[in-house]
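Asks: Below you will find the structure I want to go over with you.
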Amino acid sequence: MPPLRFHSGRFKEGRPLGCPDCYQTFAEALEGLLKTMHKGTRHVGKVPESLRQTRDLSDRLTLLQKKLSKAIEDEDFEEAAILRDEIKQTTARLTNAATT
């Protein structure tokens, strides 16, 4: 196997590093380049709208279910009824979002 050679200029031009081993061997140098080029090494890009909606509704449903459990535990049945109705609406919206 030929020796690994890393040329940051070639990488910055969009050329591949050469082989999968390059990413491991030159990890330290690449991390610095990525931080400079992308302002970090963690992906924080955009999420498709449909996926974001589904995730948000799912998170909302989880929160509502926790609140419902708490309301039942506290015997706050008026609040529990409101939460139950909101859970039904959110579940319907989630189902609709998942099928479109």
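Asks: If we scan the stretch 8-15, do we find a residue that is assigned to a helix (DSSP H, G or I) and modelled with pLDDT of 80 or more? Spell out how you get there, then give the answer.
Replies: Taking the stretch 8-15 first, the residues assigned to a helix (DSSP H, G or I) are 8-12.
Restricting the remaining residues to those that are modelled with pLDDT of 80 or more gives none.
No.
Residues checked against (1) open to solvent by less than 50 Å² (accessible area, probe 1.4 Å); (2) modelled with pLDDT of 95 or more:
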position	(1), (2)
Phe26	yes, no
Leu33	yes, no
Gly45	yes, no
Ser69	no, yes
Ala80	yes, yes
Asp85	no, yes
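The values are calculated or read from the model by the stated rules, or taken from the named source; none is laboratory data. Quick caveat, the model's predicted, so the values are computed rather than measured. Surface accessibility is based on the protein's heavy atoms, side chains included, excluding ligands, DNA and RNA. Shrake-Rupley method; radii C 1.70, N 1.55, O 1.52, S 1.80 Å.
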